[in-house]
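Nothing in this text is a laboratory measurement; each read-out follows from the coordinates by a stated rule. Computed from a predicted structure; not experimentally measured. Counting neighbours? That spans all protein chains shown, and the Cβs are built from the backbone with ideal geometry, glycine included.
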Amino acid sequence: MKRFPVLFLLILSASSLAGALTVSEVARELSCRCGCNMTVDGCNHTNCPFAIPARKSIDEKIASGMTKEGIMQSFVAQYGEVVLAAPTKKGFNLTAWILPFVMILVGGGIVRVVIKRWTKPGARSDPGRSSPAEDAEYQARVEKELKDLDR
């Protein structure tokens, strides 16, 4: 009977450790502001003036019990939305998520219309064709020139 509370505490502590927030989880979602165009987690500058203090700040905020969303909001409040590695999916930033797919669909529609026009029967104009009136005029002119040539 004494083993049950000990086993229960071990399972409870293991499950709480499995869900613990890490610096890397938060740092992957923040872009480094040193100019390297990488995330805070991926910045490989030895003495980066942004990533190193940011990682330390994230670690301190995790230790104080802040959630990932709270930490992200604190960075946004301090540096603006440019610190986010990906734009938020609300407001005007939603355009950055939707517009590429819309443009692919519009481009596909344009290609489809152009191909349909190219393959439609009778769509091509045949420059060698002429009207019957033009044919008769041409035939008369040829006959006249042949008669003039025989003289």
| said: Output wanted: per-residue J couplings in Hz (rounded whole) for the range 94-101, from phi through Karplus 6.51 cos²θ - 1.76 cosθ + 1.60, θ = phi - 60°, x for Gly and Pro. | reply: 4, 4, 5, 8, 8, 4, x, 6
| note | The summed charge of the residue 69 Cβ neighbourhood (under 15 Å; Lys/Arg +1, Asp/Glu -1) stands at +2
| remark: Karplus ³J(HN,Hα) for the range 45-57 (6.51 cos²θ - 1.76 cosθ + 1.60, θ = phi - 60°; Hz, whole; x = Gly/Pro) runs 6, 4, 10, 4, x, 10, 5, 5, x, 5, 4, 5, 5
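For a footprinting-style exposure proxy, rank 36, 48, 43 by other Cβ within 10 Å, fewest first.
Details: 36 15, 48 19, 43 22.
Taking fewest neighbouring Cβ atoms as first place, the list is 36, 48, 43.
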| query | Farthest toward the dipole's positive end in the range 92-150, which of 100, 113, 133, given Cβ charges of +1 (Lys, Arg) and -1 (Asp, Glu) about the Cα centre? | reply | 100
| Long-range amide H contacts for residue 30: which residues qualify at under 5 Å (H placed 1.01 Å from N, peptide plane, sequence gap of 5 or more or a different chain)? | 40, 41, 85
| query | Counting Lys and Arg as +1 and Asp and Glu as -1, what is the net charge of the other residues whose Cβ lies under 12 Å from the Cβ of residue 144? | reply | -2
| note | Going residue by residue through the range 75-84, the Karplus relation 6.51 cos²θ - 1.76 cosθ + 1.60 with θ = phi - 60° gives ³J(HN,Hα) values, rounded to whole Hz and with x marking Gly or Pro, of 5, 5, 5, 7, 10, x, 5, 5, 7, 6
| remark: Fewest-first ordering of 105, 149, 84 by Cβ atoms within 10 Å yields 149, 105, 84
| query | Ranked by Cβ crowding within 10 angstrom, fewest neighbours first, how are 150, 135, 41, 59 ordered? | reply | 150, 135, 59, 41
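Return the loop-located trypsin sites (Lys or Arg not before Pro) in the range 49-129 (DSSP other than H, G, I, E, B) with at most 10 other Cβ atoms within 10 Å of their own Cβ; answer none if there are none. Write out the running numbers ahead of the final one.
Values: sites: 55, 56, 61, 68, 89, 90, 112, 116, 117, 124, 129; in loops: 89, 90, 124, 129.
Of the trypsin sites (Lys or Arg not before Pro), the ones in loops of the range 49-129 whose Cβ has at most 10 other Cβ atoms within 10 Å are 89, 90, 124, 129.
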| said: Let me spell out the model: positive unit charges on the Cβ of Lys and Arg, negative unit charges on the Cβ of Asp and Glu, origin at the Cα centre of the range 92-150. What dipole size does that give, in debye rounded to 20? | reply: 700
| query | Hey, which lysines would be in cross-link range of residue 56, C-alpha to C-alpha under 27 Å, not counting anything within fewer than 8 residues on its own chain? | reply | 68
| request: Excluding residue 135 itself, calculate the net charge of residues whose Cβ lies under 13 Å from the Cβ of residue 135, where each Lys or Arg counts +1 and each Asp or Glu counts -1. | output: -1
